[in-house]
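Where a number appears in this text, it was derived from the coordinates with a stated rule and is not lab data. In this text, all values refer to a predicted model and were calculated from it rather than measured experimentally. Positions of Cβ are generated from backbone atoms using ideal geometry, with glycine treated the same way; all protein chains shown enter the neighbour counts.
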Amino acid sequence: MTATAKPAASKPAVAKQGDWTKPAAMAIPKEGFFKLEQGRYGPIFPKTPACYGFTIIAKIKPGREQAIREYGKKIEDTIAALPDGLAVLKLHYLRWVLFDIGKDTYFMYQGIFDTDFDKYTEDAVALFSKYGINTVFENLEGFPEDWKTNPAAFVKFAREHQCPSFLEYGEYPYVSADEIKKALKLKAAFSDMLDQMQ
Amino acid sequence: MLEFDDIQHILLTRTPALTGRYEFLSFGSRAGGQAWLSGILETVRSVADVRASVDQDKRWVTVAFTWNGLRALGVPEASLATFPEEFKQGMVARAEMLGDTGVNHPDHWVGDLASPGLHAIVILFARNAEEHKRCISAHRKLLAQCEGVKVLSSLDLEATPPFDYAHDHFGYRDRLSQPVMEGSGEEPTPGSGAPLKPGEFILGYPDEDGPPANLPQPEILARNGSYLAYRRLQEHVGAFRDFLRQHGQTPEEQEFIAAKLMGRWRSGAPLVLAPDQDDPALGADMQRNNDFNYKEMDPHGYAIPLGAHCRRMNPRDTAANMNRRRMIRRGATYGPPLPEEAPEDGVERGIAAFVICASLIRQFEFAQNVWINDPNFHELGNERDPIIGTQDGTFEFKIPRRPIRKKITGLPAFTTVRGGAYFFLPGLKALRYLTTVCRAEEAGLQVAESISLQPQGSAKS
């Protein structure tokens with residue numbers, strides 16, 4: 001072994017996918033990926049112990065902060081009425097944050113999900129349109145006006161505003177939301193079974 | 001209203017061809033390319049023509065061009081720039097994403113299909129061998145008159161016996177699930193879903209998302225056009241049969257494994273409707289053989305495994321946005337059939353097929369990248385399409401069953417990609433336009449002035 005530092009592009013030794021028992025962290029190169037692998041719309045970002053995800057940060061158009069905040073309530077109501085509405089996106093969590101830098105206000109859209117975003121881009125665009133999530137995006141500077149009919153332009157905006165993580169951590173690494181739901185269902189079924197046997 | 005008199009027939013008609021040939025061309029000059037196109041144009045028929053005369057016709061011709069081919073024909077740069085990025089790049093540049101890696105990589109393709117000099121394809125379907133021969137000879141004569149037009153390669157197609165139904169070299173019945181367009185005059189078979197907006201397949205019409213958008217320019221070039229993704233897939237029949245023998249003790253067990261890989265018995269009968277044994281009458285009955293869903297009828301894949309070919313290629317009610325992912329398939333088998341008891345003879349045989357769609361990236365590439373090759377499709381973890389996925393011996397295939405599923409590891413490759421390309425399939429007016437188009441920089445004219453709507457020379461009126 002030499003003392004030479006490991007090149008940033010080599011993949012670190014982490015818990016293997018499927019081993020949820022061993023919490024894992026992954027440091028990620030500046031580009032956001034270890035090896036350039038092309039998807040349909042551009043480079044694919046890797047699956048990490050915290051699954052797939054993105055962090056999109058964009059400046060909002062002046063005076064639109066209130067409109068965006070109010071939109072949070074609308075999404076809450078939409079999901080309450082249609083709990084499966086976003087199922088296609090295979091999400092774990094979404095976090096929407098507004099914050100100021102100087103006089104400007106920025107919007108951060110952080111999503112953690114189980115599918116590589118490139119694969120289901122058009123499905124996401126269709127959903128955003130269906131549930132009006134576009135209303136939020138249309139309040140962002142530089143968002144393409146023809147996004148509904150031009151998924152490539154939508155993806156370009158998302159990629160230009162994506163800030164890749166340099167570290168991601170998973171307490172139960174690589175586990176999908178479906179697997180978690182299956183485990184909880186199984187637990188409930190066992191619990192029910194034990195009750196029935198009393 | 002669909003313009004049946006301008007749409008190339010391949011988009012909407014199936015012809016009773018038993019033989020055929022694809023020729024792949026390169027144009028040495030614009031003049032040569034345009035002379036060839038002017039000459040072949042009279043044989044290229046519209047949907048309306050073929051519908052009227054299919055019973056008498058002996059041959060059916062389709063022509064389509066790569067992006068490089070459109071440039072070679074003189075389409076101006078400003079117009080070329082309006083085509084979608086994936087078409088401009090071509091199938092070779094998209095290889096990694098499509099899963100064309102390892103032995104499937106374009107470096108190993110045959111027939112010069114990976115060459116940037118590939119400009120056009122002419123697709124001949126013929127009723128019989130005699131007509132096949134006559135057409136080849138007629139095309140030879142035309143080519144001899146067109147300076148600089150070179151045949152890079154060709155591929156002869158032959159239906160695989162028995163001829164009473166379409167099937168591939170593995171023996172699976174084909175052409176069971178095809179989308180139908182609104183206004184096409186066709187009725188979808190039960191279970192095939194409602195007719196789709198024509199813009200899903202033909203440029204210039206509303207699609208499932210609304211009015212047409214982002215079409216190539218000028219309009220005359222795009223209107224009634226479509227895209228063809230060509231795939232030449234070698235079928236390793238010997239390896240396939242060995243696999244069945246390895247995993248099935250009796251012929252019945254072997255048929256069962258074959259059915260699980262596909263999701264249908266080789267007769268075409270879907271496992272959802274015939275889970276335990278084949279039902280050839282069902283397989284042959286177009287009113288019944290596609291009439292099933294997954295969400296209610298087979299949610300866990302006990303009938304059709306979650307990773308089976310037909311479930312991946314058309315997840316029906318278990319995928320979002322299905323109407324934006326449908327594709328029209330055309331094509332034929334090539335190579336001699338391998339007799340039932342014969343060992344692998346090393347002769348190439350397979351299917352040479354076209355996926356026809358309005359958006360290569362949203363339809364063909366999505367299917368290839370996600371449905372076929374995503375190891376985690378339906379949360380399967382480590383599978384790819386067992387028939388046409390990129391298999392290197394590291395993937396598995398799971399057959400759900402009670403009490404414990406069967407898992408086959410180290411699935412071999414039953415197919416290899418031997419070539420492919422993206423083509424633009426223009427309407428007939430667009431073909432005439434292409435016989436006269438010239439670059440503004442060459443002719444000193446504005447692009448618009450080079451557009452001619454008039455049929456040229458001997459074009460069929």
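Measuring between alpha carbons in the structure, the pairs from A:47/A:103; A:61/A:148; A:119/A:182; A:185/B:406 lying more than 29 angstrom apart are A:47/A:103.
Here chain B has an Rg and Dmax of 22.1, 76 Å, counting Cα atoms alone. Under 18 Å of direct C-alpha separation, and excluding same-chain neighbours fewer than eight residues apart, residue A:73 reaches these aspartates and glutamates: A:65, A:84, A:138.
For the range B:1-131, the equivalent ellipsoid derived from the Cα gyration tensor has semi-axes of 28, 20, 16 Å, listed largest first. Here's the picture: charge each Lys and Arg Cβ at +1 and each Asp and Glu Cβ at -1 in chain B, and of B:271, B:424, B:366 the one pushed furthest to the positive end of that dipole is B:424. Mean separation of Cα pairs under 8 Å and 6 or more residues apart, divided by the residue count, gives the range B:321-366 a relative contact order of 49 percent. Model label points for residue A:70 and residue B:129, set 7 angstrom from Cα along the Cα-to-Cβ axis, are 7.7 nm apart. The value for the range A:26-110 of Rg(Cα) / (2.2 N^0.38 Å) is 1.35.
Full extension of the chain between residue A:135 and residue A:156 yields a length gain of 5.8 nm, computed as 0.36 nm times the residue separation minus the alpha carbon distance. When B:164, A:114, B:5 are arranged by Cβ crowding within 10 Å, least crowded first, meaning fewest neighbours, the order is B:164, B:5, A:114. Placing +1 on the Cβ of every Lys and Arg and -1 on the Cβ of every Asp and Glu, with no other charges, gives the range B:244-298 a dipole of roughly 240 debye about its Cα centre.
Test of the criteria: in the range B:309-411, which GluC sites (Glu not before Pro) are in a DSSP loop and have at most 14 other Cβ atoms within 10 angstrom of their Cβ? Walk me through the numbers before you get to the answer.
Values: sites: B:340, B:341, B:344, B:348, B:365, B:379, B:383, B:396; in loops: B:340, B:341, B:344, B:348, B:383, B:396.
Qualifying residues, ordered by number: B:340, B:341, B:344.
Max-minus-min Cα coordinates of chain A on each principal axis give 61, 59, 34 Å, with the largest extent listed first.
Taking 0.36 nm per residue of separation and subtracting the current Cα-Cα distance, fully stretching the chain between residue A:21 and residue A:37 would add 2.9 nm.
Using a Förster distance of 22 angstrom, determine the FRET efficiency expected from the C-beta separation of residue B:151 and residue B:29, and round it to 0.05. Computed FRET efficiency for residue B:151 and residue B:29: 0.90. Remark: A:73, B:260 ranked as A:73, B:260, counting other beta-carbon atoms within 10 Å and listing the fewest first. Under 8 Å for C-alpha pairs, at least 6 residues apart: give me the relative contact order for chain B, rounded to a whole percent. Worked out over chain B, it gives 23 percent.
The slack in the chain from residue B:178 to residue B:140, taken as 0.36 nm per residue of separation less the alpha-carbon distance, amounts to 10.2 nm. Multiplying each eigenvalue of the alpha-carbon gyration tensor of the protein assembly as shown by 5 and taking the square root yields semi-axes of 42, 34, 24 Å, largest first, rounded to whole angstroms. A crude spin-label estimate for the pair residue B:5 and residue B:219, with each label 7 Å from Cα along the Cβ direction, gives 1.8 nm. On the beta carbon distance between residue B:297 and residue B:159, with R0 = 30 Å, the FRET formula returns roughly 0.35. Relative contact order of chain A: 34 percent, from C-alpha pairs under 8 Å at least 6 residues apart in sequence. Extending 7 Å from Cα along the Cβ direction at residue A:183 and again at residue A:55 yields two label points whose distance is 2.5 nm.
Just for chain B, what percent of DSSP beta bridges are antiparallel, to the closest 5?
95 percent
Just need log10 I(q)/I(0) for the range B:81-197 at q = 0.09, 0.11, 0.21, 0.24 Å⁻¹, Debye formula, equal scatterers on the alpha-carbon atoms, no solvent, rounded to two decimals. Debye output, listed in q order: -0.45, -0.69, -1.17, -1.18.
The trypsin sites (Lys or Arg not before Pro) of the range B:265-358 that meet both conditions, a loop assignment by DSSP and at most 10 other Cβ atoms within 10 Å of the site Cβ, are B:295. Between the C-alpha center of the range B:90-105 and that of the range A:44-71 there is a gap of 33 Å.
Of the Cα atoms belonging to the range B:148-211, the radius of gyration and Dmax stand at 17.5, 50 Å.
Exposure proxy ranking for B:415, B:409, B:19, based on other Cβ atoms within 10 angstrom of each Cβ and starting from the fewest, stands as B:409, B:19, B:415. For q = 0.12, 0.15, 0.22 Å⁻¹, what log10 I(q)/I(0) does the range B:221-275 give under the Debye formula with an equal point scatterer on each alpha carbon and no solvent? Rounded to two decimals, the profile gives -0.44, -0.57, -0.87.
Put a plus charge on the Cβ of each Lys and Arg, a minus charge on the Cβ of each Asp and Glu, and nothing anywhere else: the dipole of the protein assembly as shown about its Cα centre is then about 600 debye. Considering only A:50, A:71, A:139, the residue lying farthest towards the positive end of the dipole of chain A is A:50, judged by Cα position with unit charges set on Cβ.
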